[in-house]
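Okay, so here's the structure we're looking at.
The values are calculated or read from the model by the stated rules, or taken from the named source; none is laboratory data. Every value quoted in this text rests on a predicted model; they were computed, and no experiment measured them. Here Cβ is always computed from backbone atoms with ideal geometry, including for glycine, and neighbour counts include all displayed protein chains. With ligands, DNA and RNA removed, areas are computed over all heavy atoms of the protein, side chains included. Shrake-Rupley method; radii C 1.70, N 1.55, O 1.52, S 1.80 Å.
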Amino acid sequence: MRAPQPLLSQEFLERLERLTLRWRKSFHGLLGGQITSRYAGVGHEFHDHRRFQHGDDLRAVNWRIYLRLERVFLKMFLTEPRTPIRLFLDTSESMARGAEESVAENSKFAYACRMAAALCYVGLVRLETIVIQPFAGGLGKSFRAEGGRHRFARAAAFIGDLSTAGASDFRATVREFLSQNPSPGFAIFLSDFLAEPDGLKALGHMSDQRHEVALVQLAGPQDRTPPWRGPIELIDAESGVASPMHLTAEDVERHAAAYDTFCSEVEHIAKRNRGSYLHLNTDTALDQALFGPLVAAGVAS
């Protein structure tokens, strides 16, 4: 399945300009962005003075002090940390499900693509650095966007070219990502998290390496309560394995209970690692999700 076109309307983008992405951690040594750091450097809010050293920028010299004391001091300001915001977009084949074939535009993948585009735009408006990172069995080719809203068109084109394929492997994805990205940042995962439980535990390694993680679990209307009854054949969207069975109302109830347990486990992974968790159904309007549950979860404000 390919990403939906168009992703977002101009009217919707204008509404998004009221939002700001939020994170809790302080990422030391990263410059720019919207959250004030305690570290001295070039900025707008005065912090302190220090003695001039060879090679310092003369523009930061406090000449009034020099005229009074005949000693050269530099003005120091509070900097703003530019936290890399990485949007991990699940492109595994299970994301293409979650809706009737006749309304594939409402699939989990289509919803995730639109949400990734919306979050990217919110970050660009606030002059954040956004990295769109597709993944399935491992990392896909990423796209880095920064410099303001006028960079959004290329980011939207990148998302629009994505498509689903293969199975998700969180262990391989996290291992590959951490080996390539030693600098910590804010990571938002958009996924249904339908993978082996042991693989999901690898998300905890993100926190071990000082990344802050927000898990946004997307679910279609049929994920929790399948509408079918009687003899059916279930085919795993990622492995292709077929499982014939006879589905009763009691089976559906047991499946719903198991799905709730699974979601609780995903939430536990996020909360145990001091991250955020949000469960979203694809029948929730995107604007309601962004201005409602996403804000309540602390991912945006």
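Quick notes on this structure:
- The range 131-203: C-alpha pair distances exceeding 22 Å, %: 28 percent
- Per residue, the accessible area of the chain comes to 52 Å², computed with a 1.4 Å probe over protein heavy atoms only.
- For the range 52-203: span of alpha carbons on each principal axis (Å, largest first): 77, 34, 19
- When the solvent-accessible area of the chain is split by element, carbon and sulfur atoms take up 51 percent of it, the probe being 1.4 Å.
- Local net charge near Leu178, Cβ-Cβ under 13 Å (Lys/Arg +1, Asp/Glu -1): +2
- Dipole-positive endmost among Gly292, His246, Ile85 within the chain (Cβ charges, Cα centre): Ile85
- Against the main long axis of the alpha-carbon atoms of the chain, helix 108-125 sits at an angle near 10°.
- Per the Cα gyration tensor, the chain maps to an equivalent ellipsoid with semi-axes of 45, 19, 16 Å, ordered largest to smallest.
- Across the chain, Cα pairs under 8 Å and at least six residues apart give a relative contact order of 19 percent.
- Taking the DSSP beta bridges with both ends in the chain, the antiparallel portion is around 50 percent.
- Spatial separation of Cα centroids for the range 255-301 and the range 191-218, in angstrom: 13 Å
- Selection of trypsin sites (Lys or Arg not before Pro), the range 208-275, meeting DSSP coil and at most 16 other Cβ within 10 Å: Arg210, Arg229, Arg274
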